[in-house]
Amino acid sequence: MSVQPTGETAAHSGKYTTTVSLFVIAIVCSTVALTIFNAAPHAVFLSIILIWPAFASGASAVKDISSYGIGTGVASIGMLGAGVGTISAFSSIFIDIPFSAFIGIIAAFVIGFVTGLCANKIIKMKIPRMELKIAIMSASAAMITTLFVSIFSNNIDMLLTDVYIVLPLIFIATALAIIHPYNGSMGAGENQPRTLKLAFAEASLTTLLFGLISLAYTDTITSIEILLVSGLGFVIFTTIFLRAINAEIYKLEWSGVV
Amino acid sequence: MDPITALFGIIIGGTLVGVCVHFIPCSAVGAMAATTGIATGPTMLASGAGMMGLMAAAYNLDNGLALMLASGAIASMLMIALTSVVANITYAFGVGVAPTSGQSEYDRFTGFEQKQCLTPGTDGHGIPTQSFISGVIGAAMGGIGGALVFYSVYTLISPSIAQATAIAIAGIIAVGIYIINGVLPAYTLVGKTEGMTDKKFKTTPKTLYSCLIMSTVSGIFVYAASVVI
């Protein structure tokens, strides 16, 4: 298999979107996703589609911070964001007032911002707007965690009896989906539009995994909805991502190694 | 343990976890055998040791705080000690270098001369005795810190839910706090350290302040969510 070389000046496969814009989109979409799920659980496929921007927002924040060279690898910063998101999302389960999920997301933003302040002001990493980027990453992780905890447990009693087994999996799957788009794309030709395409592909793959888990906890229709929409999303985004790669690389040669 | 003591438990435990990272010798993966320490990131190494500690501590939940802290510390120490030994075997028989410090002329504990084993152009390799002992001390601190955070979070949330669920949720929140406090010192160390004999050990106060602030903020939220609101 080979494609025509496009040369060194290959155009990027899309337009650069600022992380803040992505985050605003993610907040709106996640709020709608949570509201839809709470109002009409059988429209869960819409919630799944609407949570994907949160993955993209987190991945873009990881890219923004890591591209300065943080000295400890991309994984550490993503795990930090997922860690803050997890603390906030799981602690907010115990808040006994309406909209507790949103309190968790706000708390993730605040704790993430303080972490960034510590990193920039005390440790003196001097990465521009690191506070905001860590806050965005943490809040994005909290949005994803909150939605899936809600999907797996329609009510608090169910969460507290059955679903706790999968909590570590929610944490690590969210962390990997946020970390890997930049880690997998980094190199001389890395650019944000392509990284975001991979982020969406990994987001749909992650929701596909959660769909498989939901077979054990939710009704079959809900699980099938999640699996179908995630599978379709994965095929579409992977195709778009591969097209972007083919458009940007100099040459692709089939080596015969499978 | 009353809720306020548990809050202080989270703060002290989180800070201990942060400081412990400075003791654990690690070099970046790309610098394997080119600088002293286990070839992985400080965060991953400290988190691995911490999670071992958490698991061991959870088994002793019903046996009191003292035994929990001890089992957490011992599990973390074992994890770091075994990782160091296996890494040294790899360095000695796989790479063909002797465990050597790149910063000290003589090992602080054995008194062995380091420079004669140092490959020119490198900053040391493997885990010499001083780094090994430093790593084990750090792991003990990390294990105690992790177990303390776990027990404190468990104390805060356990009144309202079943024990098995409380253990799972306390464990995952403790891992979150462990990771936050493991990442911040990694930035101070810029990915590699020889342990307590390293020149970068002087930067520990920066870690101490930042982890103290972080643990306080995280602890207050967990406390507020589970007790106040």
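Structure above, values below:
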{"quantity": "The listed residue being within 8 Å of chain A (Cβ to nearest Cβ), in contact (Cβ under 8 Å) with a residue 40 or more places away in the chain and not acidic (Asp, Glu), out of B:Ile157, B:Ile167", "calculated": "B:Ile157"}
{"quantity": "Some residue of region A:241-250 being in contact (Cβ under 8 Å) with a residue 60 or more places away in the chain, in contact with a helix residue (DSSP H, G or I) (Cβ under 6 Å, 6 or more places away or on another chain) and buried (at least 22 other Cβ atoms within 10 Å of the Cβ)", "calculated": "no"}
{"quantity": "Members of region B:173-216 that are within 7 Å of chain A (Cβ to nearest Cβ), among the aliphatic types (A, V, I, L, M) and surrounded by fewer than 22 Cβ atoms within 10 Å (Cβ to Cβ)", "calculated": "B:Val190, B:Ile213"}
{"quantity": "Any hit, region B:115-132, residues being more than 8 Å from every other protein chain (Cβ to nearest Cβ), in contact with a His (Cβ under 8 Å, 6 or more places away or on another chain), under 19 Å from B:Thr40 (Cβ atoms) and modelled with pLDDT under 85", "calculated": "no"}
{"quantity": "Unmet requirement for B:Ser104, which otherwise passes all of (1) touching an Asp or Glu at 6+ places or on another chain (Cβ under 9 Å); (2) in a helix (DSSP H, G or I)", "calculated": "(2)"}
{"quantity": "Residue match in region B:72-83 (condition: β-branched (Val, Ile, Thr), more than 14 Å from every other protein chain (Cβ to nearest Cβ), touching a helix residue (DSSP H, G or I) at 6+ places or on another chain (Cβ under 6 Å) and in contact (Cβ under 8 Å) with a residue 24 or more places away in the chain)", "calculated": "yes"}
{"quantity": "Per-region count, region B:20-35, residues touching a helix residue (DSSP H, G or I) at 6+ places or on another chain (Cβ under 6 Å) and crowded, with 20+ Cβ neighbours inside 10 Å", "calculated": "7"}
{"quantity": "Lone qualifier among A:Thr145, A:Thr218 - being of a type in the set (S, T, N, Q) and either surrounded by 24 or more Cβ atoms within 10 Å (Cβ to Cβ) or modelled with pLDDT of 85 or more (or both)", "calculated": "A:Thr145"}
{"quantity": "Residue match in region B:58-65 (condition: in a helix (DSSP H, G or I) and within 14 Å of chain A (Cβ to nearest Cβ))", "calculated": "yes"}
{"quantity": "Matching entry among B:Ala57, B:Ala49 (being modelled with pLDDT under 85 and under 19 Å from B:Gly145 (Cβ atoms))", "calculated": "B:Ala49"}
{"quantity": "Qualifying residue in region B:69-83 (condition: in a loop (DSSP other than H, G, I, E, B) and crowded, with 19+ Cβ neighbours inside 10 Å)", "calculated": "no"}
{"quantity": "Enumeration of residues in region B:204-219 that are farther than 18 Å from B:Ala170 by Cα and not charged (D, E, K, R)", "calculated": "B:Thr204, B:Pro205, B:Thr207, B:Leu208, B:Tyr209, B:Ser210, B:Cys211, B:Leu212, B:Ile213"}
{"quantity": "The lone exception for B:Phe112 - which of (1) surrounded by 15 or more Cβ atoms within 10 Å (Cβ to Cβ); (2) of a type outside the set (D, E, K, R); (3) farther than 24 Å from B:Leu189 by Cα; (4) within 21 Å of the chain's Cα centre (by Cα) it fails", "calculated": "(4)"}
{"quantity": "Filter pass, B:Phe132 being in contact (Cβ under 8 Å) with a residue 40 or more places away in the chain and within 30 Å of B:Met1 (Cα to Cα)", "calculated": "no"}
{"quantity": "Top-ranked residue of region A:181-205 - restricted to ones that are crowded, with 20+ Cβ neighbours inside 10 Å and out of contact with any Phe, Trp or Tyr (no Cβ under 6 Å at 6 or more places or on another chain), ranked as nearest to the other protein chains (Cβ to nearest Cβ)", "calculated": "A:Tyr182"}
{"quantity": "Pick from region A:33-42, criterion assigned to a helix (DSSP H, G or I) and loosely packed, with under 14 Cβ neighbours inside 10 Å, ranking: modelled with the highest pLDDT", "calculated": "A:Thr35"}
{"quantity": "Counted residues, region A:209-258 - those being hydrophobic (A, V, I, L, M, F, W, C) and over 22 Å from A:Asn191 (Cα atoms)", "calculated": "16"}
{"quantity": "Any hit, region B:178-193, residues being modelled with pLDDT under 90 and closer than 23 Å to B:Gly64 by Cβ", "calculated": "yes"}
{"quantity": "Some residue of region B:35-57 being over 11 Å from the mean Cα position of the chain (by Cα) and under 22 Å from B:Met214 (Cα atoms)", "calculated": "yes"}
{"quantity": "Identity of the residue in region A:2-30, part of a loop (DSSP other than H, G, I, E, B) and of a type in the set (S, T, N, Q), that ends up modelled with the highest pLDDT", "calculated": "A:Thr18"}
{"quantity": "Test result for A:Val62, in contact (Cβ under 8 Å) with a residue 24 or more places away in the chain, more than 7 Å from chain B (Cβ to nearest Cβ) and either more than 17 Å from A:Thr146 (Cα to Cα) or part of a helix (DSSP H, G or I) (or both)", "calculated": "yes"}
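Let's see how each residue does on (1) at the interface with chain B (Cβ under 8 Å from one of its Cβ atoms); (2) within 18 Å of B:Ile180 (Cα to Cα):
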site: A:Val84; (1), (2): yes, yes
site: A:Ala89; (1), (2): no, yes
site: A:Ala108; (1), (2): no, yes
site: A:Ile111; (1), (2): yes, yes
site: A:Arg129; (1), (2): no, no
site: A:Ser150; (1), (2): no, no
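Table: residues versus (1) in contact with a helix residue (DSSP H, G or I) (Cβ under 9 Å, 6 or more places away or on another chain); (2) in contact (Cβ under 8 Å) with a residue 40 or more places away in the chain; (3) not in a helix (DSSP H, G or I).
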{"position": "B:Gly191", "(1), (2), (3)": "yes, yes, yes"}
{"position": "B:Gly195", "(1), (2), (3)": "yes, yes, yes"}
{"position": "B:Lys202", "(1), (2), (3)": "no, no, no"}
{"position": "B:Leu208", "(1), (2), (3)": "yes, yes, no"}
{"position": "B:Cys211", "(1), (2), (3)": "yes, yes, no"}
{"position": "B:Met214", "(1), (2), (3)": "yes, yes, no"}
{"position": "B:Ser218", "(1), (2), (3)": "yes, yes, no"}
{"position": "B:Tyr223", "(1), (2), (3)": "yes, yes, no"}
{"position": "B:Val227", "(1), (2), (3)": "yes, yes, no"}
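The values are calculated or read from the model by the stated rules, or taken from the named source; none is laboratory data. Model, not experiment: these values are computed from the prediction. Virtual Cβ from ideal backbone geometry, glycine too; neighbours counted across all protein chains shown.
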